[in-house]
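Notes for the one structure printed next.
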Amino acid sequence: MAAALEAGETTSVALTQAHLDRIAEVDGEVHAFLHVDAEGALEQAAASDGRRAAGAAASPLDGVPIAVKDVLATEGLPTTCGSKILEGWVPPYDATVVRRLREAGLPILGKTNMDEFAMGSSTEHSAYGPTRNPWDLARIPGGSGGGSAAAVSAYEAPIALGTDTGGSIRQPAAVTGSVGVKPTYGGVSRYGLVALANSLDQVGPVTRTVLDAALLHELIGGHDPLDSTSVDAPVGDLVAAARRGADGDLAGLRIGVVTELSGEGWQDGVMSRFTEAVEALVSAGAEVVEVSCPHFVHALATYYLILPAEASSNLAKFDAMRYGLRVWPEGDAPSAEEVMKATREAGFGDEVKRRIILGTYALSSGYYDAYYGTAQKVRTLISRDFEAAFERVDVLLSPTAPTTAFPLGAKLDDPLAMYLNDLATIPANLAGVPGISVPSGLADEDGLPAGLQILAPAMADDRCYRVGAAAEALLAERWGGLLLDRAPDLTGASS
């Protein structure tokens, strides 16, 4: 699309209108968007066309429309985080990544659906209803960023922004046949991201190809003085890495397959596609070795102590006093505590309440060292596993998720079963290393997409793009095109 705009073969207004038309046609069933800003997007598109006509494009992606996860502050547009407690809230400022999108000239189509405050693996915990997987409307699109992944895979948006706290970009990408990237922690600004867990959250691209992800990542990445966790280092030449990988030459590259991320509980079809992807990389010259990361088996338990602890602290700001929902309880002159209690009861969903309670308990006097403190020690051991592994190999590989997309409602009554969907993605967030998920094929059992996860050392995001692009090119050659070319036609899905 950017090339067509540069060549004068189309206009940003035409591209933006085409996507708005697609949203109107299919989003009644998919429900990828919580808010569509047709007027604003077309206005931004017209401005882009003006810059292109004057030979002054703001960036290579100037004029290409984009969708934004509803956890990122957008001036003038609602930002609800999928929660009733922020229903109708319009931020007075842009998140840094959103500001960079605007400065680069990308029209913002709207805000995408998500699990409430990014707590979930299926986008079923949104207060505004679930998003559906474009491959099978009876199944989940992953979470918490299922809206962004569904928008991209349903061709409602060419690219999107998501956030990844324990796999919320990569896991939805895997189950929708799209590409999702979690950058190195601190590599993309978190300013204006409504925090779930400050030490884990990271903004990243959701796209249909690895090269598209690299283009978007370079646009949003880089140091931000407004974010105290931002790394003051260059993003790197990610686009060049993706193009180099697409040539299909991986000679001299050492790849480690993580022993602990397979076995019992992993769907046979997912493992078959993973094995085929690894074999394709070997055919391109890569050397594959088996690598053990023994503390990965404790990653899930560690994550579900650290995340709720940080979330319980972050969500304390929603107190009915400053912004967002305010519910007045019955009776005369209720106290501030009673108003706060009534507001949180009405405004927070069950999963959010569950994690606040768990996190508050883990941080409470007498339990801090036993739970939160111990979890932080195990987190250090997981980081050391990565360090030891990367002394032997350049990247690590695993399936992105243990299974393909499961039916809507199948795991809502079993939180632990739901949490297991993030088994393979969580370690990267605990250690702060980058990861990418690329489609590995369709599982034999259900014909649904599976994902290949590639992890690299911190600040070596370019390795993810090189290997990801190589896998994408090798598998696309075998399939005769991208996996999304096989996705069902949703035309007529909406009534």
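Pairs over the 21 Å Cα-Cα cut-off, from the set LYS317/LYS341; LYS69/LYS182; LYS377/LYS411; LYS84/LYS341; LYS84/LYS111; LYS84/LYS317: LYS377/LYS411. Sorted largest first by accessible area at a 1.4 angstrom probe radius, with every protein chain in place, the residues LEU448, LEU219 fall in the order LEU219, LEU448. Using a probe of 1.4 Å, the accessible surface attributed to GLU310 totals some 30 Å² when neighbouring protein chains are kept in position. Taking square-rooted eigenvalues a ≥ b ≥ c of the alpha carbon gyration tensor, is the range 76-215 rounded, prolate or oblate, where a/c under 1.5 means rounded and, failing that, a/b exceeding b/c means prolate? Here the range 76-215 falls in the rounded category.
Taking 0.36 nm per residue of separation and subtracting the Cα-Cα distance, what length does fully extending ASP232 through GLU87 add?
On the way: separation 145, 0.36 × 145 = 52.20 nm, distance 3.52 nm.
Gain on extension, ASP232 to GLU87, equals 48.7 nm.
Counting only protein chain heavy atoms and rolling a 1.4 Å probe, the accessible areas of ASP413, ASP70 rank, largest first, as ASP413, ASP70.
Of the residues LEU281, SER440, ALA195, the one whose Cα sits farthest toward the positive end of the charge dipole of the chain, with +1 on the Cβ of Lys and Arg and -1 on the Cβ of Asp and Glu, is ALA195. Quick check: Cα centre of the range 438-481 to Cα centre of the range 8-47, how many Å? Between the Cα centres of the range 438-481 and the range 8-47 lies a distance of 28 Å.
Only Lys, Arg, Asp and Glu carry charge here, each on its Cβ (+1 for the first two, -1 for the last two); on that basis the range 1-114 has a dipole of about 340 debye about its Cα centre. If you sort LEU416, LEU281, LEU226 by accessible surface, 1.4 Å probe, largest first, the order is LEU416, LEU226, LEU281. Each peptide in 147-156, 123-132 receives the mean, over its residues, of other Cβ atoms within 10 Å, and ordering these scores from highest gives 147-156, 123-132. In the context of the full protein assembly, VAL36 retains an accessible surface of approximately 60 Å², using a probe radius of 1.4 Å and ignoring ligands and nucleic acids.
Treating the beta-carbon of each Lys and Arg as +1 and of each Asp and Glu as -1, no other charges, what is the dipole magnitude of the chain about its Cα centre, to the nearest 20 debye? That gives a dipole near 660 debye. A DSSP coil position with no more than 14 other Cβ atoms inside 10 Å describes the following chymotrypsin sites (Phe, Trp or Tyr not before Pro) in the range 337-373: TYR367, TYR368.
Strictly greater than 17 Å: what percent of every Cα pair in the range 363-474 meets that? It would help to have the intermediate numbers written out before the result.
Values: 4014 of 6216 pairs.
Result: 65 percent of Cα pairs exceed 17 Å.
If R0 is 25 Å, the Cβ-Cβ spacing of ALA388 and GLU279 corresponds to a FRET efficiency of close to 0.45.
Per residue, how large is the accessible surface of the range 99-171? Use a 1.4 angstrom probe and give square angstrom.
Numbers: 1090 Å² over 73 residues.
For the range 99-171, the solvent-accessible area averages 15 Å² per residue.
ASP332 contributes about 150 Å² of solvent-accessible surface, heavy atoms of the protein only, 1.4 Å probe. Considering only the Cα atoms of the chain, their convex hull presents on average a projected area of 23.1 nm². Dipole magnitude for the range 379-462: computed about the Cα centre from +1 point charges on Lys and Arg Cβ and -1 point charges on Asp and Glu Cβ, it is near 220 debye. May I ask which residue of SER126, LEU72, MET114 lies farthest towards the positive end of the charge dipole of the range 16-134, with charges of +1 (Lys, Arg) and -1 (Asp, Glu) on Cβ and the Cα centre as origin? My answer, from the dipole projection, is LEU72. With semi-axes defined as the square roots of five times the eigenvalues of the C-alpha gyration tensor, the equivalent ellipsoid of the range 204-321 measures 33, 25, 14 Å, largest first. Around the amide H of GLY441, modelled in the peptide plane, lie the amide H atoms of ALA450, all under 5 Å away and 5 or more residues distant in sequence or on another chain.
The values are calculated or read from the model by the stated rules, or taken from the named source; none is laboratory data. The structure displayed is predicted, hence computed values, not measured ones. Here Cβ is always computed from backbone atoms with ideal geometry, including for glycine, and neighbour counts include all displayed protein chains. Heavy atoms of the whole protein, side chains included, go into the accessibility calculation; ligands, DNA and RNA do not. Shrake-Rupley method; radii C 1.70, N 1.55, O 1.52, S 1.80 Å.
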